[in-house]
Amino acid sequence: IAGRAYLCVDSSGVGRAFCDILDTKSVQHTRVQMVAGENENETKERGTTFNNVGRNRLLSALNSAIHTGDLTIGNFPARDLMRQELESFEADVGSSGRVRIEGGTSFGHGDLVVSASLALWLSDHRTIGAHIGESKLLGYW
């Protein structure tokens with residue numbers, strides 16, 4: 001995939017080692033560490049940039065994009081699984097006023113939804129002309 005794709009990778013946990021492997025293979029990618037809450041910032045460790053993005057921010061943006069029609073889910077083999085994952089997520093407001101978004105199904109932890117939210121986030125933050133399938137995503141380029 002080197003030279004043919006640009007990836008957005010969850011670099012939390014074992015994803016960090018996976019990103020290191022991508023570096024050795026010259027695969028272009030952006031590292032995103034999902035953190036709690038709504039915040040977003042960028043940090044550097046030993047010359048490597050990490051984008052720290054709140055999980056709620058990622059999932060809320062995906063929810064909003066789908067509901068406003070800015071993003072539609074095309075026809076692909078795992079479409080029904082993705083629909084089930086999307087429907088499994090719920091928001092809860094705690095006593096402190098913080099929003100907590102949880103979800104997942106018996107067959108997964110919301111991996112398809114998280115992947116879609118990372119792709120949407122990337123399309124909004126990079127000037128590479130990110131595409132999913134055949135449709136160009138909206139962004140600030």
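The values are calculated or read from the model by the stated rules, or taken from the named source; none is laboratory data. Fair warning: this is a prediction, and the values are worked out from it, not measured in the lab. Because the Cβ atoms are built from the backbone with ideal geometry, glycine has one as well, and the counts that use them run over all protein chains shown.
Looking at the range 125-133, can you tell me whether even one residue there is at pLDDT below 70, over 20 Å from residue 38 (Cβ atoms) and touching an Asp or Glu at 6+ places or on another chain (Cβ under 8 Å)? Show your work before the answer.
Filtering the range 125-133 down to residues at pLDDT below 70 leaves 126-133.
Among the residues that remain, those that are also over 20 Å from residue 38 (Cβ atoms) are: 126-133.
If we keep only those that are touching an Asp or Glu at 6+ places or on another chain (Cβ under 8 Å) as well, we get none.
Within the range 125-133, none of the residues are at pLDDT below 70, over 20 Å from residue 38 (Cβ atoms) and touching an Asp or Glu at 6+ places or on another chain (Cβ under 8 Å).
Only residues that are touching a Gly at 6+ places or on another chain (Cβ under 8 Å) and either loosely packed, with under 14 Cβ neighbours inside 10 Å or assigned to a helix (DSSP H, G or I) (or both): list them for the range 1-32, please.
26
Return the residue satisfying two criteria in turn: it lies in the range 44-55 and is within 23 Å of residue 5 (Cα to Cα) and touching a strand residue (DSSP E or B) at 6+ places or on another chain (Cβ under 8 Å), and of such residues it is surrounded by the fewest Cβ atoms within 10 Å (Cβ to Cβ). Working first, answer last.
First, the residues of the range 44-55 that are within 23 Å of residue 5 (Cα to Cα): 47-53.
Checking which are touching a strand residue (DSSP E or B) at 6+ places or on another chain (Cβ under 8 Å) leaves us with 48-53.
Details: 48: 13, 49: 10, 50: 18, 51: 20, 52: 16, 53: 24.
Among those residues, the one meeting the criterion is 49.
Output the residue which, of all residues in the range 79-115 that are out of contact with any strand residue (DSSP E or B) (no Cβ under 7 Å at 6 or more places or on another chain) and acidic (Asp, Glu), is modelled with the highest pLDDT.
Result: 80.
Residues that are of a type outside the set (D, E, K, R), in contact with a Phe, Trp or Tyr (Cβ under 7 Å, 6 or more places away or on another chain) and loosely packed, with under 13 Cβ neighbours inside 10 Å: does the range 36-43 have at least one?
To start, the set of residues in the range 36-43 that are of a type outside the set (D, E, K, R) comprises 36-37, 39, 41, 43.
Adding the requirement that they be in contact with a Phe, Trp or Tyr (Cβ under 7 Å, 6 or more places away or on another chain) leaves 43.
Then drop every residue that is not loosely packed, with under 13 Cβ neighbours inside 10 Å, which leaves 43.
Checking the range 36-43: at least one residue is of a type outside the set (D, E, K, R), in contact with a Phe, Trp or Tyr (Cβ under 7 Å, 6 or more places away or on another chain) and loosely packed, with under 13 Cβ neighbours inside 10 Å.
Take residues that are more than 22 Å from residue 15 (Cβ to Cβ) and either without any contact (Cβ under 8 Å) to a residue 60 or more places away in the chain or in contact with a Leu (Cβ under 7 Å, 6 or more places away or on another chain) (or both) and tell me which of the strands (runs of 3 or more DSSP E) falling wholly in the range 36-105 contain 1 or more.
Working: elements: 40-45, 48-54, 90-93, 99-102.
Correct list: 90-93, 99-102.
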